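Novice: So that we are looking at the same thing, I have put the structure below in structure tokens.
The values are calculated or read from the model by the stated rules, or taken from the named source; none is laboratory data. Quick caveat: nothing in here was measured; it's all calculated off a predicted structure. Don't worry about glycine lacking a Cβ; one is built from the backbone with ideal geometry, like all the others, and counts go over all protein chains shown. In case anyone asks, the SASA skips ligands and DNA or RNA and just uses the protein heavy atoms, side chains included. Shrake-Rupley method; radii C 1.70, N 1.55, O 1.52, S 1.80 Å.
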Amino acid sequence: MRKEEKTQLTRERILNAAMAEFGEKGYSGGSLNNICSTGIPKGLLYHNFENKDAIYLACIRQCFSAFTAFMRQQNPALNPDEYMKTRLHFFQENGSAARLFFEAILQPPLHLKEEIEEAKKDFDALNCEIYKNILSTVTLRSDVTEQEAMKYFSLMQYMFNGYFSSPAYTQMAFSDVMAAHEVNLSKLLDFMLYGIAERRKDQ
């Protein structure tokens with residue numbers, strides 16, 4: 001086996017152990033000692049990753065890369081329900097990725113926020129593509145442009161995700177935070193597209 005192949009396999013082994021550790025306990029609860037307890041020598045870990053931040057960010061990048069590739073491959077139908085079903089299928093098949101994904105979006109380690117934003121750029125771009133495609137299937141009000149609708153989507157997404165960083169959710173079990181996010185995201189998409197009130201006939 002060539003040295004490059006051996007190095008790649010070693011990194012994958014470390015990442016798999018780290019994905020399981022951070023996927024279960026998050027950044028604050030995750031431990032490099034626990035990762036090493038799976039049979040990875042500590043010297044080997046530090047040879048490949050500088051510190052806890054470096055390996056956590058590698059896990060985040062892998063998580064978002066896998067999720068984005070999966071969503072593009074599945075090509076969910078252009079409606080919110082199918083989009084949400086496809087997301088759910090990915091998280092059911094990739095349990096370790098779920099905690100990493102939602103922690104990065106909703107409650108990221110503050111000192112890594114900029115690096116995480118960079119790591120999820122492709123995911124953010126995919127979200128915009130999917131929403132733009134969904135918009136193409138509905139008739140916008142005559143006084144609303146597609147550009148305005150996209151800006152509104154970005155603003156609402158930012159505010160919605162930010163809400164899950166509030167004290168109301170930081171004290172909640174993270175599995176409950178994830179479940180609440182997905183249920184309410186489905187409602188948010190529906191409200192953004194179709195509104196919350198029936199227009200009176202005289203309006």
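Novice: Straight-line reach from residue 187: which aspartates and glutamates have a Cα under 20 Å away, not including same-chain ones fewer than 8 places off?
Specialist: By straight Cα distance, residue 187 reaches 81, 82, 124, 129, 176, 198.
Novice: Now a separate question. Assuming R0 = 25 Å, what is the FRET efficiency of residue 155 and residue 198, from their Cβ-Cβ distance, to the nearest 0.05?
Specialist: So the FRET efficiency works out to roughly 0.55.
Novice: To the nearest 20 debye, what charge dipole does region 61-112 have about its Cα centre, counting +1 at the Cβ of each Lys and Arg and -1 at the Cβ of each Asp and Glu?
Specialist: 120
Novice: Take the alpha-carbon positions of the chain, form their convex hull, and give its projected area averaged over all directions (one quarter of the hull surface) in nm².
Specialist: Convex hull of Cα atoms, orientation-averaged projection: 14.0 nm².
Novice: Roughly how many debye, to the nearest 20, is the charge dipole of the chain about its Cα centre, given +1 on each Lys and Arg Cβ, -1 on each Asp and Glu Cβ, and no other charges?
Specialist: Result for the chain is approximately 320 debye, rounded to the nearest 20.
Novice: Round to a whole number: what % of the accessible area of the chain belongs to carbon and sulfur, probe 1.4 Å?
Specialist: 51
Novice: Let me ask something else. Given region 1-96, what count of lysine pairs have C-alpha atoms under 25 Å apart, with each pair 8 or more places apart or on different chains?
Specialist: For region 1-96, qualifying lysine pairs total 7.
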